[in-house]
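To start, the structure under review is shown below, and the notes come after it.
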């Protein structure tokens, strides 16, 4: 559950129309049956006292970083249209397995992974395949050492699990990723048994090390670029495993 005072420490920006949050990992965005303080949207409604908060940019539960919520439907519609027209910039940072030395652009379509035991998993597919969607991610490396890399990812498209699926295709899965990591059955094990020493030995982190570091709205006509530094768990991993203070 989210504590009211805790939510206030996550606020990056607030005005009459926007509420911008730096979300920790393992916080659900969408409302749940467990009450308003069990999700980011529910907690934001309680905090603002508004009947509705519009989630413009969502993140998976385990992904940390910038979330933008609109306080009215007109602003939500404006930003959602800007996203569809690719007038919103997004930059993520991730810790990945292996030393990715050179910048690389992955221009590979994504679709449902029909061979995975996890039904929500995406994979690179042929463009002619049913439900294949064009997908482009630009990766650059901040540091690569000791068998790991800290990378940045800039998106041209916004597909489900885009960064994680493209990194797996590159052979540099995100550390801690239960679905796109060493074995998708890790996800099923986690659902059945929770976090275990066996999973820790395989994954190294209890969530995938992916963070939405920056969202820029200038091209959408708003004078804002919102940023969030790496959270403590990713900074600690960089320090301990890469010898790098992120």
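Residue exposure proxy: 83, 1, ordered by other Cβ atoms within 10 angstrom of their Cβ from fewest to most, comes out as 1, 83. Note on the stretch 118-171: Rg/Rh from C-alpha atoms, Kirkwood Rh, equals 1.02.
With each label modelled as a point 7 angstrom along the Cα→C-beta vector, the residue 58-residue 232 pair spans 2.9 nm. Per residue, the convex hull spanned by the alpha carbons of the stretch 1-85 comes to 92 Å³. Which distance in Å, rounded to a whole number, links the C-alpha centroids of the stretch 213-245 and the stretch 48-70? Answer, in whole Å: 17.
To the nearest 10 degrees, how steep is helix 73-84 against the longest Cα principal axis of the chain, on a 0 to 90 scale? On a 0 to 90 degree scale, this one is about 30.
Normalised by residue count, the stretch 125-244 yields a Cα convex hull volume of 144 Å³ per residue.
Site pair residue 13 and residue 191 shows an inter-label distance of 3.7 nm when each label is modelled 7 Å from Cα along Cα→Cβ.
Within the listed set 59, 167, 217, the residue fluctuating most in the Gaussian network model of the chain (springs between alpha-carbon atoms under 10 angstrom) is 217. Placing a label point 7 Å from the Cα of residue 245 along the Cα-to-Cβ direction, the residues of the stretch 211-236 whose backbone N falls under 14 Å of that point are 235-236. For the options 38, 173, 201, a Gaussian network treatment of the chain with springs between C-alpha atoms closer than 10 Å singles out 201 as fluctuating the most.
Computed over the chain, the percent of Cα pairs more than 33 Å apart is 18. Hey, in the GNM for the chain with a 10 angstrom Cα cutoff, which one of 230, 222, 203 fluctuates hardest? The residue that fluctuates most here is 222. Remark: 187, 180 ranked as 187, 180, counting other beta-carbon atoms within 10 Å and listing the fewest first. For a modelled paramagnetic label at residue 81, 7 Å from Cα along Cα-to-Cβ, the residues of the stretch 190-228 in reach, with backbone nitrogen under 18 Å, are 217-223.
Quick note: the coordinates plus some simple rules give every number you see, no bench work behind them. None of these values were measured; they are calculated from a predicted model. Please note: Cβ atoms are built from the backbone with ideal geometry, for glycine as well, and neighbour counts cover all protein chains shown.
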